[in-house]
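Written out below as structure tokens is the structure these notes cover.
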Amino acid sequence: MFGQDISVFGDFTVDNPMKVRFGTGCAINAGVHLVGRNGIEIGNNVILSARCMLVDAGLEPGPPPPGGIRTYRDGPIVIGNDAWIGAGAIILAGVTVGDGAVVGAGSVVTRDVAPGQTVAGNPARPIGA
């Protein structure tokens, strides 16, 4: 589950730890919650800021379709090397966050984030240059 040189700053929870893998040199801050039903892979030197959540199973985001039946969405989450997940951010099922990407505090990430890209908001969108 954990690589070498993991720094932990406070309590965090992992549902189904057998489905969650960390690389080396990661930092995990207080209140982080990982739901690993389908699999969560976290690269090297990743920062998971306070109270962020990675949830690899749940309902599709957005309003229900006509008829009111929501679609269930699940899939593994992959966080690339050197990524930074801001405080209170939520990464949803099936998302890949590329190497060196930054997810702003409080963001809800519903789709992939390109390597080196910075995203923020709900739903998260690219920001900056």
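Quick one: with all protein chains in place, what share of the accessible area of the chain is carbon or sulfur, to the nearest percent (1.4 Å probe)? Ligands and nucleic acids excluded, carbon and sulfur give 56 percent. Could you point to the label whose value was computed as semi-axes √(5λ) of the Cα gyration tensor in Å for the structure here, given [x] 25, 17, 13; [y] 23, 17, 12; [z] 34, 20, 18? Given [x] 25, 17, 13; [y] 23, 17, 12; [z] 34, 20, 18, the calculated one carries the label [y].
Compared with the direct C-alpha span, the chain from residue 13 to residue 114 gains 33.7 nm at full extension, assuming 0.36 nm per residue.
Protection proxy ranking for 40-52, 14-26, using the average of other Cβ atoms within 10 Å per residue and placing the highest first: 40-52, 14-26.
Straightening the chain between residue 74 and residue 41 buys 10.4 nm, computed as 0.36 nm per residue apart minus the Cα-Cα spacing.
Accessible surface computed residue by residue for the chain, with neighbouring protein chains in place and a 1.4 Å probe, gives 51 Å² per residue.
The values are calculated or read from the model by the stated rules, or taken from the named source; none is laboratory data. The shown structure was predicted, so the numbers you read here are calculated from the model rather than taken from an experiment. Using ideal geometry, Cβ is built from the backbone for each residue, glycine included, and neighbour counts are taken over all protein chains shown. Keep in mind that these areas ignore ligands, DNA and RNA; they rest on the heavy atoms of the full protein, side chains included. Shrake-Rupley method; radii C 1.70, N 1.55, O 1.52, S 1.80 Å.
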